[in-house]
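See structure below.
The values are calculated or read from the model by the stated rules, or taken from the named source; none is laboratory data. Computed from a predicted structure; not experimentally measured. We place every Cβ from the backbone using ideal geometry, glycine too, and count neighbours over all the protein chains shown.
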Amino acid sequence: MILFYLWIWVVFTGFQEEPTLSWSAEYRLEWSDFRGEPEDRADVVAVTASGLTYGYSTTEYPSGDITYDIDVTAFFYPERSWYMEDEVTDIVLDHERLHFDITELHARKFRERVKNTTFSRNINREIDDISKAVHKELRSMQRKYDSETNYSRLPDKQILWNEFIRTELKKMEDYR
């Protein structure tokens, strides 16, 4: 059994029109949230589609000062997420949930970087650069997670990743 994941990096595109769930510490994904049609592929039993959206506005003053408001959100896309009911277990669900938690961790990293950046008049490019860097790190961590846990088949590694992500989310609580 090989599990497969999908993450989507969204920057205010057409995906905004589809149903989404925002990440919440109070809510854990359930199989009922995975509403997409399973693909007929023997090596894939579940797909988690999650991603980040961000939007911002800036104001530049004659003095050269720039202020901004930014919103970064980790989303889960139910219609693009699916599972094969007869093939999955609670362990697989926990694995898929952690993919969404990893997305939230990177939303917090994005917020932290924005907060700690002194922007110039090139704020649009600078935010875009932050976005690209966070996206690259998110993709890398998702791949590393699947590789090290062997797609949830290595329970000891899965437990280590669960603890690691929980700890990292706590460290980044100020950016929730």
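On inspection, Gly51 qualifies as part of a strand (DSSP E or B) and closer than 30 Å to Pro155 by Cβ.
Conditions (1) in contact (Cβ under 8 Å) with a residue 12 or more places away in the chain; (2) within 20 Å of Arg139 (Cβ to Cβ); (3) surrounded by 15 or more Cβ atoms within 10 Å (Cβ to Cβ), marked per residue:
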position	(1), (2), (3)
Arg28	yes, no, no
Pro38	yes, no, yes
Ile66	yes, no, yes
Asp69	yes, no, no
Tyr83	yes, no, yes
Asp101	yes, yes, yes
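Scanning for something among the small types (Gly, Ala, Ser), under 30 Å from Glu60 (Cβ atoms), surrounded by 14 or more Cβ atoms within 10 Å (Cβ to Cβ) and within 18 Å of the chain's Cα centre (by Cα), does the stretch 123-131 turn up at least one residue? Quick ask: steps written out before the conclusion?
At the first step, the residues of the stretch 123-131 found to be among the small types (Gly, Ala, Ser) are 131.
Now restrict to residues that are under 30 Å from Glu60 (Cβ atoms): 131.
In the following step, the residues that additionally are surrounded by 14 or more Cβ atoms within 10 Å (Cβ to Cβ) were identified as 131.
Remaining after also requiring within 18 Å of the chain's Cα centre (by Cα): 131.
Yes, there is a match, as at least one residue in the stretch 123-131 is among the small types (Gly, Ala, Ser), under 30 Å from Glu60 (Cβ atoms), surrounded by 14 or more Cβ atoms within 10 Å (Cβ to Cβ) and within 18 Å of the chain's Cα centre (by Cα).
Apart from one condition, Thr67 fits all of (1) part of a helix (DSSP H, G or I); (2) more than 30 Å from Glu39 (Cα to Cα); (3) at pLDDT below 95; the exception is (1). Quick check, is Leu138 touching a residue at least 24 places away in the same chain (Cβ under 8 Å), part of a helix (DSSP H, G or I), surrounded by 12 or more Cβ atoms within 10 Å (Cβ to Cβ) and touching an Asp or Glu at 6+ places or on another chain (Cβ under 8 Å)? No: the conditions fail for Leu138.
Can you tell me how many residues within the stretch 56-89 are of a type in the set (D, E, K, R) and under 23 Å from Ala25 (Cα atoms)?
Step one: list which residues in the stretch 56-89 are of a type in the set (D, E, K, R), which gives 60, 65, 69, 71, 79-80, 85-87.
Then drop every residue that is not under 23 Å from Ala25 (Cα atoms), which leaves 71, 79-80.
Number satisfying all stated conditions: 3.
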